[in-house]
1. State whether the residues of segment B:87-98 include one that is at the interface with chain A (Cβ under 8 Å from one of its Cβ atoms), more than 18 Å from the chain's Cα centre (by Cα) and in contact (Cβ under 8 Å) with a residue 60 or more places away in the chain.
2. Considering segment A:347-368 alone, what residues qualify as being closer than 20 Å to A:M248 by Cα and away from chain B (no Cβ under 12 Å)?
3. Run down A:L113, A:L120 and say which single residue is open to solvent by less than 70 Å² (accessible area, probe 1.4 Å) and touching a Lys or Arg at 6+ places or on another chain (Cβ under 8 Å).
4. Assess whether A:L322 counts as being part of a helix (DSSP H, G or I), under 30 Å from B:F65 (Cα atoms), modelled with pLDDT of 80 or more and of a type in the set (A, V, I, L, M).
5. Of the residues B:K46, B:K15, which single one is under 30 Å from B:S124 (Cβ atoms) and open to solvent by 80 Å² or more (accessible area, probe 1.4 Å)?
6. Which of the residues that make up segment A:369-394 are open to solvent by 50 Å² or more (accessible area, probe 1.4 Å) and more than 7 Å from every other protein chain (Cβ to nearest Cβ)?
7. Does segment A:65-77 include one or more residues that are under 30 Å from A:S149 (Cβ atoms) and in a helix (DSSP H, G or I)?
8. Please work out which residue is most open to solvent (accessible area, probe 1.4 Å), limiting yourself to segment A:395-421 and to residues that are more than 8 Å from every other protein chain (Cβ to nearest Cβ) and farther than 14 Å from B:S86 by Cα.
Amino acid sequence: MLRTFILFTLFTGSIFALQLNNLLNDIKNDASVELQQEKQRLQEFIQNEKEQQKLLNEAKTVLANENKRSIELKKTLDKNEELLASQEAILLEKTGDLGEMFGSVRQTSADFLTNYQHSLTASQGESKEALFEKFSNSKRLPNIEELKSLWHGMLDEIIKSGNVEKYSANVILNDGERVIQEVTRVGLFAAKSDGKYFNYSNDMKALVELATQPEESGSLFGSDENLFVIDPTRGTLFELLNNQPTLMQRVNQGGVVGYIIIALGLIGLVFAIYKSVVLNLYLTKIKAQMKDLANPKENNPLGKVISVFKKYKDYEISDLELKLAESILQETTKVQKGQSFVKLLSAVTPLLGLLGTVTGMIATFQAITLFGTGDPKLMAGGISTALITTVLGLVAAIPLLFTYTYISSKSEAIVSILEEQSMGMLAKSIK
Amino acid sequence: MLGLIFDDFSSFFDKGGVVLYVVFIVAIFLWTLLLDRYIYLYHGYKKYKDTLLANIKIENFESRFKDPIKEYLVEESKQKLNYGLSFIKTLIIVCPLIGLLGTVTGMIEVFDVMAVQGTSDVKSMANGVSMATIPTMAGMVIALSGILFEKRLELAIKYQIEKLHIDISKVM
């Protein structure tokens, strides 16, 4: 056992010894190769050093040249700057008051541009917008030719603004269609085509048909053919025309309460008219009956009362009165029916108007809490809504009040004939 | 002098707007009716009463019907006296209502101006304000003066009826 172990270690030990021998040989070989390479590199370096020296010398000469040139250039720069300053002084001297003039040219052309953009003459084909824009935006001083073109442009505008002209222009109709139409323009105040009036819109670069056309009322010179509405404010009045609400829009402002008031008013009025017709018919029949007391007719209240009177006229006076009172009561209820309904409506409609006012004011104050009091236009809308209902309530109540008076006076006349007069009238006719 | 007054008058109506014309028409109606009633009370009615009393003297009524006949005669003259009085009353009630209508339409005018121009220009709103206040004032004035004379008329009529009652009883 021990022997085999020793044998094994000897064997493996001899193998290791062989490998180490090989490694030593390898290292020796490598070291000689590296040595050779090192020598070679050293030689190359020595050679390069010479070249580097040469390059350095070259660079030094270039630097010296450039320094010289820089000094020269600085001298010219100083010279030029001096020249520039003197030239500027000369320029300033030469410009003199003209500097102020260029400022005013800029300002005038800017002012003119804003006017031109909203004027009707801009619709006339050739656009001068670029011309005026050039002057209002440029920092450069304009030369005499440009100044002349501005002058001519402005003169042209002034002449055009005093003319009545016919020309074809881009037109946008109310349905959004863009067409080219023959337009008649009166100065800066109106443009008309096919009986429609137009405003100029700079955004669309076209004439835009007015949503609400101005009315042409009356003719100054006898013929209606050449009638023209002129807006001296150059389109502002035409625009305000759109804001003017029509009667229907006003009524619509009243909202739900407004509609209720209108409905109640109409119902009351129709009923009152019906009632007054009925009462008038009664009254004419009663009047006819009063002339002919002997022959009672059944078609009117008085006739019925007379027939009752005739039937019981030989009774005691108290019994007769009782019988008459009974038949009169029947007739009066028929006559007075529905009267209080009209009175109720005439009292309710102003109250409803007040209700509308209060709800409108609530809406207004809500607007105030949301948006503050800064914009009166926001509040004004709500307030006019509130006031419309009051107007509607009063407009409904006043005619209702009159018709109620009419009905009640008619029915009072009938009732008085039946109640107070019939007995005496009949008694008078007896003897 | 007269021209000055008329000038003031027309400018007054211009400031008051359409509603003031309505108030004016109502006022004319009211005053003609009141005048008519006063004239009737002190002239027409006197004649009517005299002929009525004369007629009663001649007639010979059945005794048991005397009371109803008297009542009938009084009622008839009462109707004659009261004719149109309810219309006068309605006109008086309507006057302040029309004035209120003026207030509201004037305020709408003011707010229309505000909606377009904002609150910056108070002068442009003044037109609407005078349109609001003048008809209101006019309506009130008409109603107050009307109510004064109307109440007086009512009292006079009441007195005349009582008197007629007594007069007829004396004759019958």
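The values are calculated or read from the model by the stated rules, or taken from the named source; none is laboratory data. If you're wondering where the values come from, they're calculated on a predicted model, not measured in any experiment. Glycine also receives a Cβ, built like all others from the backbone with ideal geometry; neighbour counts cover every protein chain displayed. These accessible areas exclude ligands, DNA and RNA; they are computed on the full protein's heavy atoms, side chains included. Shrake-Rupley method; radii C 1.70, N 1.55, O 1.52, S 1.80 Å.
1. Within segment B:87-98, the subset at the interface with chain A (Cβ under 8 Å from one of its Cβ atoms) is B:87, B:89-90, B:93-94, B:97-98.
Still in the running and more than 18 Å from the chain's Cα centre (by Cα): none.
No, because not a single residue in segment B:87-98 is at the interface with chain A (Cβ under 8 Å from one of its Cβ atoms), more than 18 Å from the chain's Cα centre (by Cα) and in contact (Cβ under 8 Å) with a residue 60 or more places away in the chain.
2. A:L352
3. Working: A:L113 fails: touching a Lys or Arg at 6+ places or on another chain (Cβ under 8 Å).
The conditions single out A:L120.
4. Values: part of a helix (DSSP H, G or I): yes; under 30 Å from B:F65 (Cα atoms): yes; modelled with pLDDT of 80 or more: yes; of a type in the set (A, V, I, L, M): yes.
Yes, satisfied.
5. Working: B:K46 fails: under 30 Å from B:S124 (Cβ atoms).
Among B:K46, B:K15, only B:K15 is under 30 Å from B:S124 (Cβ atoms) and open to solvent by 80 Å² or more (accessible area, probe 1.4 Å).
6. Going through segment A:369-394, the residues open to solvent by 50 Å² or more (accessible area, probe 1.4 Å) turn out to be A:369-371, A:373-375, A:377-378.
Within segment A:369-394, A:T369, A:L370, A:F371, A:T373, A:G374, A:D375, A:L378 meet the criteria.
7. Taking segment A:65-77 first, the residues under 30 Å from A:S149 (Cβ atoms) are none.
No, segment A:65-77 contains no residue that is under 30 Å from A:S149 (Cβ atoms) and in a helix (DSSP H, G or I).
8. So the residue we want is A:E419.
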